[in-house]
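Structure record follows, encoded as structure tokens.
Coordinate-derived values only; no laboratory data. Note that the coordinates shown come from a computational prediction; the quantities given were computed from them, not determined experimentally. Here the Cβ positions follow ideal geometry from the backbone for every residue, glycine too, while neighbour counts run over all protein chains shown.
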Amino acid sequence: MSRGAGLVLGVVALGFVALLSLAVGSRSIPLSTLLDVLASRDGSDSAFVVWELRIPRTLIGIAAGAALGVAGALMQALTRNPLADPGLLGVNAGASAAAAMSISVLGLTDLRAFVWFAFAGAALAGTVLYVIAGRTGASPVRLALAGAAVSAALTGFTQAVILLDQNALDQMRFWTVGALERADLGTLTDVAPFLVVGLVLALLLARPLNVLSLGEEMGRSLGAHLGRTQLLTLIAVTLLAGAATAAVGPLVFVGLVAPHMVRVITGPDERWVVAYCAVFAPALLLLADVLGRVMAREEIDVGVVTALLGGPVFLILLRRNKAVRA
């Protein structure tokens, strides 16, 4: 299968999963009824469920999935670590820490109110990482170690805040799980500019990252600017993962698994990997969300589903990575 045909197939798969997301739930809607509701919005209960609840949920899932998948691809290319994901840079931890502070200190309870603090925390974590790792081009190992240190420190801070403040604990325990149903179209509108800029920047960075994958010395000889590429990649990851985390919470494993899935078709070319992740990662996230609606009597948040499914996949990837090294 050609890579172009595979991308078209991915778009079709995403459309199919999006329809599932609109039709499946505590109240299932037949396909014929769903198409009628989409074609002509009326005042029926089905129309309310689709337009007011499931369409916003599906759209935010597509946006967050694309952002996390592309951010994961950029992370793996930047650190040359096949097991990297956006959480490795401390972006998720920065968003969580800032959200906890906004709830505890300012008393914010509305998602659209503290989403900006969460994004600011993600951006601050990325800035701190850039300063710690070195502004002139840090090694992938140094970036990964600095990210792990920043993430650990911010996670500890967040835990301290929410344990000392019952109100923050009550609010954060829903957000930190990671869920799509609590975000609305207003939230999507708030984070959309950051997601668009991050995706465009990721596409522009694909070629320089391809060059740097040959090694730093080879990359420099071919005209690549290591420090600038690292800085712009960190900015793109912060924009994408920060905005997605602010909107739906710190979802795990999407940014790790999606790039590995698409590289089976695309190979190592980051230009195709980024494009495929923007399509297949949201399909993966929406499918996990649909599974969470039907797996049990009570709906399971998508963050729990991605963790349950992503854990075994991570172990498989870890074992395969060891086998390749051996």
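Could you work out the relative contact order of the chain? I mean the mean sequence separation of Cα pairs under 8 Å and 6+ apart, divided by the number of residues, in percent. Worked out over the chain, it gives 30 percent. Counting Cα-Cα pairs of the range 154-199 in 5 Å increments starting at 0 gives whole-percent bin shares of 5, 17, 19, 17, 17, 17, 8, 1.
The GNM of the chain, with springs linking C-alpha atoms under 10 angstrom apart, assigns the highest mean-square fluctuation among Gly292, Gly121, Gly156 to Gly156. Under 15 Å from the Cβ of Arg57, count the other residues' Cβ atoms, weight Lys and Arg +1, Asp and Glu -1, and hand me the total. Local charge sum for Arg57: -2.
Between the range 163-188 and the range 245-272, the alpha-carbon centres lie 24 Å apart. The trypsin sites (Lys or Arg not before Pro) found in the range 1-72 that occupy coil by DSSP, while having at most 16 further C-beta atoms within 10 Å, are Arg27, Arg41. Taking the helices alone, the chain has a mean residue ellipticity at 222 nm of -26000 deg cm²/dmol, built from -39,500 (n - 2.57) per DSSP H run of at least 4 residues and averaged over all its residues.
Rg/Rh for the range 3-325 (Cα atoms only, Rh after Kirkwood) is 0.98.
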